[in-house]
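For reference, the structure discussed in these notes is given below.
Every number here is computed from the coordinates shown, using simple stated rules; none is lab data. Just so it is clear, the model here is predicted, and its values are computed rather than measured. Quick reminder, even Gly has a Cβ in these numbers, built from the backbone with ideal geometry, and neighbours come from all protein chains shown.
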Amino acid sequence: AQSVAQPEDQVNVAEGNPLTVKCTYSVSGNPYLFWYVQYPNRGLQFLLKYITGDNLVKGSYGFEAEFNKSQTSFHLKKPSALVSDSALYFCAVRAPYSGAGSYQLTFGKGTKLSVIP
Amino acid sequence: GAVVSQHPSWVICKSGTSVKIECRSLDFQATTMFWYRQFPKQSLMLMATSNEGSKATYEQGVEKDKFLINHASLTLSTLTVTSAHPEDSSFYICSATTGGRPSGANVLTFGAGSRLTVL
C-alpha cells in the first residue's frame, strides 16, 4: 500500500525567508509525486509534480520540490516566502498505472504554512 | 487550463433529507472523477472513483447506499447524500482527470468543494 507522511502539522516562517515543507512517501515502483495547496474553504490547486527526469521540479508561484529516491522524500521549497503563501499544503503519491482501473492518489495529512509578516 | 466546477459550495439541510452535489468539468471531458471527504484539519479521504457510464467504485468503509454517485456524462458527476445525519457534515471535494487513457502522471483538477452541514 502506498502512503505519504508529512511530519509537520504546521510550519511558521518569516516573510522573505526560505521555506521547506517536508514529505516522505512509500510506494511500490517508481512514484508519481504531487504537491497541492488548499486555501480556506477551497478545493486543492496543483503546484507541481515529479514523474521522471530531473530531480528538481519547478512549479507554480515560485515553488519547487526535490525528489530524493534514496531518502524517499519530496520536500517542497521556496527561496523567499510571501504572506500570501500561507495555506494548507498536501503532498500526494501515486503508483504508476497498473491497468487495474484504479490510480488512487494518496494524500498526506497536510501541513499548515504560516508566513509571518 | 482545466476547470472543475462544484455546486453548491455551501448547503445546510435537516436531518433525514437528501442532498445532491454536482461536479462538472467545464472545458474538458472527464472519463474519471473522484469524490473526497475532508474532515476539519485532516487530509482528504477518497470515497469513490466514478467512471462515466459505469458504477462507481467505493473505497472500503464507504456506504454506497448512503453516498450515491452518478456519472451520466463525460462532464458531470453527482454525489447524493441520502438520509443525511449530523455526522455526515463535512467538506466534500470532487476532482477529475483530463481524460484519455488513465495514467499515473495525470494531474487531478479539483473542484472548490462543498461544505455540508446537517442540522
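Before moving on, here are some points about what is shown:
- Computed about its Cα centre, the charge dipole of the protein assembly as shown is approximately 100 debye, with only Lys, Arg, Asp and Glu carrying charge at their Cβ.
- Electrostatic dipole magnitude of chain B [Cβ: Lys, Arg +1; Asp, Glu -1; Cα centre; debye, to 20]: 80
- Expressed per residue, the C-alpha convex hull volume of region B:38-78 stands at 85 Å³.
- Within 10 Å of each Cβ in A:42-50, the average number of Cβ atoms from other chains: 5
- Residue ranges B:32-41, A:49-58 sort as B:32-41, A:49-58 when ordered by packing (mean number of other C-beta atoms within 10 Å per residue, highest first).
- Semi-axis lengths, largest first, of the ellipsoid equivalent to chain A are 25, 15, 12 Å, with √(5λ) applied to each eigenvalue of the Cα gyration tensor.
- Per principal axis, descending, Cα span of the protein assembly as shown in whole Å: 50, 42, 32
- Percent RCO, i.e. relative contact order, over chain B, from Cα pairs under 8 Å lying at least 6 residues apart: 37
- Measuring from each cysteine beta-carbon in chain B, the ones with no other cysteine beta-carbon under 4.7 angstrom are B:CYS13.
- Reachable lysines, given that their alpha-carbon falls under 25 Å from the alpha-carbon of B:LYS66 and they are not under 8 places away in the same chain: B:LYS14, B:LYS20, B:LYS41, B:LYS55
- Each of A:LEU82 and A:THR20 was given a label point 7 Å from its Cα along the Cα-to-Cβ line. The distance between the two points is 2.4 nm.
- Across region A:1-71, the relative contact order, built from alpha-carbon pairs under 8 Å that are at least six residues apart, equals 21 percent.
- Qualifying lysines (Cα of each under 18 Å from Cα of A:LYS58; at least 8 residues distant if same chain): A:LYS22, A:LYS49, A:LYS69, A:LYS77, A:LYS78
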